[in-house]
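Only the coordinates and a few stated rules stand behind these numbers; no lab work does. Since the structure is predicted, the reported quantities are computational estimates derived from the model, not experimental observations. Note that each Cβ is placed from the backbone with ideal geometry, even for glycine, and that neighbours are counted across all protein chains shown.
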Amino acid sequence: MVHIISLLKRRQLMGDKVFLEAYSRSGVGEVFWIVTDRCNLSCIHCYKASGSRYEVSVKDSFHIIDKISRLGRPLIFVSGGEPFTNPHLIDVLRELKNRGFRVVVSSNGTLIGGDTAKHLIDIGIDYVALPLYGRELFHDYFTGVKGSYSRVMDALRLFKDSDTKLALKTVISRSTAPNINYILNEA
């Protein structure tokens, strides 16, 4: 995976380095794990309306971790839907970190409050990726939920003084293109 900002700013991001290290060790750089397809937003670009309601149980999650362990120690990219709608996510993340994996959690940010952020920091999650689609009014429109922008900004502040690295993510489309400079400046 190439991070657009590393191309635009002509520098290698830490995530790129972690991927390359994992790939050189085991031949598998990243594992993308969708722990649920449930979500609390209604983003314009999303597949949520497909009606599927997939979620991995704790037992199945630990079985999956056993299988991934056989691949070496690739970077684990945990996503969803919104991964924090899975009530067992913290247990799964803790197990991944206990087994020595580098972990990125990709969230919409709206369910990350103080307790959740503290758990992620205490567990030692390597990266938290949060979306930014533009300024507040556009972001809320794009996600279909008023207040989603302010909740993402609140989540970003919760990690400010921690060792957890943050990444802003976005969708590039005709409607978001006018917001790219704003997003890059926030990054």
> If each of Ala177 and Ile64 carries a label point 7 Å out from its Cα toward its Cβ, how far apart are those two points in nm?
Replying inline: 3.5 nm
> Using θ = phi - 60° and the Karplus curve 6.51 cos²θ - 1.76 cosθ + 1.60, what whole-Hz ³J(HN,Hα) does each residue of region 91-105 get, with Gly and Pro shown as x?
Replying inline: 4, 5, 4, 4, 5, 4, 5, 4, 8, x, 7, 8, 10, 10, 10
> Which entries in Lys118/Lys169; Lys59/Lys97; Lys67/Lys118; Lys67/Lys160; Lys97/Lys169; Lys97/Lys146 show an alpha-carbon gap greater than 26 Å?
Replying inline: Lys67/Lys118; Lys67/Lys160; Lys97/Lys146
